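The values are calculated or read from the model by the stated rules, or taken from the named source; none is laboratory data. Predicted, not measured: the structure shown is a model, and the values here were computed from it. All Cβ positions, even for glycine, are placed from backbone atoms using ideal geometry, and neighbour counts span all protein chains on display. Please note that ligands, DNA and RNA were not included when accessible areas were found on the heavy atoms of the full protein model with its side chains. Shrake-Rupley method; radii C 1.70, N 1.55, O 1.52, S 1.80 Å.
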Amino acid sequence: MAISFTLPKWYDLHTHFRQGENVNQYIADHLAMGCAGALAMPNTRPPVSQITGKGSEDACSIESYRAELLAAGGDAFDQLITPLYLTGDTTAEMIAEGAGSGLLQAAKYYPPHGTTNAEHGVAIDEWIGGDVFRAMEDHGVVLCIHGEQHGLVGADYFDAQQSAESVFYNEKLPAILEAHPRLRLVCEHITTSVAVDFVAQAPERVAATVTPQHLLYTVGDLIQGLKYHLYCLPLVKFDADREALRAAVTKVGQNKFFAGTDSAPHTSKVLDCGCAAGCYTGACAPQLYAMAFEQAGVDFDTDSGRAVFESFLSTNGPAFYGFATSEDTFTLSKVPSQVAVFESEEGPVVPLPVGMDLQLTWSIEN
Ligand code: DOR
Ligand code: ZN
């Protein structure tokens, strides 16, 4: 008999639903994979950089973005968090007002030009000690942080000794914690042992999301054959980093590391000069996480193995954001399954297992 177990529906606390025609499909894929709720990142075009209002060519509001997502099927989620994109136009007053209205639960830091649609980001030094982060502390607004140092090139950006991420965690995050002693933060899609160590030794107010791709792959997998469907930011790293991530997420009793897929659909991965960053894991993230946990040595035939997976997927994330574990359930079975390419009008969205020629060894029943 194949291993099969039932667990509370899970929360994807870092995903990208985008805007427009394809949103319905992206949300449907999340619902199909047992997702009870999601945190939908604000790097849309235009960015979600206002709290209320109809928006303009340059900005859209949390209010209008939520309305779009809810109308596209998101009303089936128990929870939907729509963070504010921190830009040069963000003010402390907006934070206070947004938190007061209940629309603002989190805000996202993007390193300027550091990733897809990150051109509205403002350098981290300009936020540290400032009144926007202070207002976030005062009002309990979570800082979701894309922890990479912007502006680095060549070997400073990425080599075996350091990366944009390790520099950021060594140099910037201690300063943020010190300047803002009550700020709650989620270190998004961490990829390095430096970031893992930082989060593990930080106070309880610091947590982290971890993606399936960073648990499954290393930079060798990306480079061998230039597997551009695995190209995402931060980049997949080295084996020691993946080991550190695997150890962190599978540690019995850990409550700081949780699921955030960074599922990021692109209808064209190929740019004029380079590649769009983002891996699409809609419809298959729990299966991928289960495969990664097995590779990390977790035995799903044991209570403790299933418990550690459940904490990561279904419990730790909602607990950090202050809502209950879902009372609904879904079932994972060790039976192979498949995901299909989504042939949208804008172009094909290729899920990671298809792009990596990876056979899913688990399947889901909702
Ligand atoms: O790989 C990524 N894709 N990393 C990000 O930070 C953004 C995301 C996207 O929006 O495509
Ligand atoms: Zn993201």
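Some points to look at:
- Test item: Cα-centred dipole of region 142-234, Lys/Arg +1 and Asp/Glu -1 on Cβ, debye: 280
- Sum of side-chain charges, Y169 neighbourhood, beta-carbon under 11 Å (Lys, Arg +1; Asp, Glu -1): -3
- For region 307-366 and region 1-48, distance of Cα centres in Å: 9
- The shape of region 173-294 comes out prolate: with a ≥ b ≥ c from the C-alpha gyration tensor, a/c is at least 1.5 and a/b beats b/c.
- Alpha-carbon centroids, region 92-132 and region 167-213: separation in whole Å: 17
- Sorting 194-201, 113-120 by their mean Cβ neighbour count within 10 Å, with the most densely packed peptide first, gives 194-201, 113-120.
- Under-5 Å amide H pairs with L13, H placed in peptide plane, nonlocal only: L39, G260, T261
- Solvent-accessible area of region 1-86 (1.4 angstrom probe, protein heavy atoms only): carbon and sulfur portion equals 47 percent.
- Contact order relative to length of the chain, as percent, for alpha carbon pairs under 8 angstrom and 6 or more apart: 19
- Using the Cβ of Q105 as centre and a radius below 12 Å, the other residues enclosed give a net charge of +3, where K and R count +1 and D and E count -1.
- Total charge dipole magnitude, region 10-326, about the Cα centre, Cβ charges on Lys, Arg, Asp, Glu only, Debye to nearest 20: 320
- Cα pair distances in region 124-188, grouped into 5 Å bins until the bin that holds the longest one, percent each: 4, 17, 27, 22, 13, 9, 5, 2
- Ligands, DNA and RNA left out, the 1.4 Å accessible surface of region 163-242 is 55% carbon and sulfur atoms.
- Accessible solvent surface per residue of the chain, calculated while the other protein chains remain in place, 1.4 angstrom probe, Å²: 39
- Residue-span extension gain [T6 to E178] - 0.36 nm each, minus C-alpha spacing: 57.8 nm
- Restricting the calculation to Cα atoms, every distinct pair contributes to the Kirkwood radius of region 1-158, found to be 16.6 Å.
- Solvent-accessible surface of protein heavy atoms, probed at 1.4 angstrom with all chains present, puts H229, H16 in the order H229, H16, largest first.
- Each Lys and Arg adds +1 at its Cβ and each Asp and Glu adds -1 at its Cβ; summed about the Cα centre, region 161-316 shows a dipole of about 320 debye.
- Dividing the radius of gyration of the alpha carbons in the chain by their Kirkwood radius gives 0.93 for Rg/Rh.
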